[in-house]
Amino acid sequence: MSTVGTTARRGAGFLASLLRIVGMVIVAILVIHIVFTLLDANPANFVTQFVAEWSAMFNLGLGNLFTPDQPKMAVTLNYGVAAIVWLLVTTLVVRLVRRIA
């Protein structure tokens, strides 16, 4: 019986680690998009396009939450809020998964 509990804890630990990695990758994509925007990265570059496309998928609909006159400020605020939300949700979900097991 104790091996079932141990296996469940290991599985939950693995799942929590996997969820944390996925969440941190999403946060990193959003932050890299902000950095590329602030540093005027070439929008025709493959890496810049890749990051912009993925960050648009993960912005949680917050891409136009704030509408300041400066486009760089808009990206920083909107994608920054999305990154913070992803970080908080990831932390909460990982804690819940670890607590369940």
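The values are calculated or read from the model by the stated rules, or taken from the named source; none is laboratory data. None of the values given here were measured: they were computed from a predicted structure. We place every Cβ from the backbone using ideal geometry, glycine too, and count neighbours over all the protein chains shown. These accessible areas exclude ligands, DNA and RNA; they are computed on the full protein's heavy atoms, side chains included. Shrake-Rupley method; radii C 1.70, N 1.55, O 1.52, S 1.80 Å.
Please state which one of 58, 46 is aromatic (Phe, Trp, Tyr) and touching a residue at least 24 places away in the same chain (Cβ under 8 Å).
On the way: 46 fails: touching a residue at least 24 places away in the same chain (Cβ under 8 Å).
Result: 58 is the single residue among 58, 46 that is aromatic (Phe, Trp, Tyr) and touching a residue at least 24 places away in the same chain (Cβ under 8 Å).
Out of 38, 19, report the one residue that is at pLDDT 95 or above and farther than 20 Å from residue 79 by Cβ. Break it down into steps so the answer makes sense when it comes.
Values: 38 fails: farther than 20 Å from residue 79 by Cβ.
So the residue among 38, 19 that is at pLDDT 95 or above and farther than 20 Å from residue 79 by Cβ is 19.
If I filter region 57-66 for residues that are open to solvent by less than 60 Å² (accessible area, probe 1.4 Å) and in a helix (DSSP H, G or I), do I get at least one hit?
No, region 57-66 has no match at all.
Which ones in region 1-43 are open to solvent by 80 Å² or more (accessible area, probe 1.4 Å), part of a helix (DSSP H, G or I) and among the polar types (S, T, N, Q)?
Selection gives 2, 3, 7.
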